[in-house]
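Notes follow the structure.
The values are calculated or read from the model by the stated rules, or taken from the named source; none is laboratory data. Treat the numbers as computed from the prediction; the structure is a model and nothing was measured. Cβ atoms come from the backbone with ideal geometry, glycine included; neighbour counts cover every protein chain shown.
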Amino acid sequence: MRQTGADASLCNPSHAGDVEGYVEWIGLVTAATFRSPGGALERDLTSGRLQEALTELARDRGLAPPKLPDVPLSELQSAYTSLFVVNPGGLPAPPYAGYALDDQLMGKAQEALQAFYAAHGLAVDESWQELPDHLAAVGEAIALLSGQDPQAARTLALGYLRPWLERYAELVASEDPTGFYGTICETLKQVLEAEYEANP
């Protein structure tokens, strides 16, 4: 059984240049950027892979390529924590797909997502310490499904990732002191909006 929630780093999509590769990029970018920043993200930034992925995604949908700001890892870690983990003023953007749909954790949307995972042969890795609807896990599931069942991967991206981005992308952009997460969220939102408009 394939697993989601394991360590993720960007690599060349196995289906680069076709629809499967496009959806896989969406999943890989989401998985790589919505987990706590560490060595894998630092390597993706240093190598230019993350910038390349965002550029390809944007160009594929006729959008202007974004430019990621150059931010030290320590500042990314601080921004990630205040945006997605804990914030004295209230968490701006809980990184859970189900929360964007239900306004609660562990609600019906999360149950439906777990059923979706099971129906498509996915299981959450035992080492994963977050909820199964955490965006990093959703992104990895999109990437894993893209080669075997592109339609299921697209359904997951539009049905779970897109609603979260519609609700929180602008807020993240306004609250992110680094500009990094705002750029990621706005780019993914625009890409998925363009995808939906092209193929509703």
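When segment 95-117 is limited to residues that are in a loop (DSSP other than H, G, I, E, B) and free of Cβ contacts under 8 Å to residues at least 12 places away in the same chain, the one that is farthest from residue 33 (Cα to Cα) turns out to be 107. Scanning segment 118-129 turns up one or more residues that are in a helix (DSSP H, G or I), over 17 Å from residue 54 (Cβ atoms) and modelled with pLDDT under 95. When segment 144-200 is filtered for residues that are assigned to a helix (DSSP H, G or I) and of a type in the set (S, T, N, Q), the ones remaining, listed by number, are 146, 148, 151, 155, 174, 183, 187, 190. Of the residues making up segment 137-155, those that are surrounded by fewer than 22 Cβ atoms within 10 Å (Cβ to Cβ) and not polar (S, T, N, Q) are 147, 149, 150, 152.
Report yes if some residue within segment 175-195 is β-branched (Val, Ile, Thr), over 24 Å from residue 72 (Cα atoms) and without any contact (Cβ under 8 Å) to a residue 40 or more places away in the chain; otherwise report no.
No, segment 175-195 contains no residue that is β-branched (Val, Ile, Thr), over 24 Å from residue 72 (Cα atoms) and without any contact (Cβ under 8 Å) to a residue 40 or more places away in the chain.
Looking only at residues of segment 51-83 that are in contact (Cβ under 8 Å) with a residue 24 or more places away in the chain and assigned to a loop (DSSP other than H, G, I, E, B), we find that the one that is surrounded by the fewest Cβ atoms within 10 Å (Cβ to Cβ) is 62.
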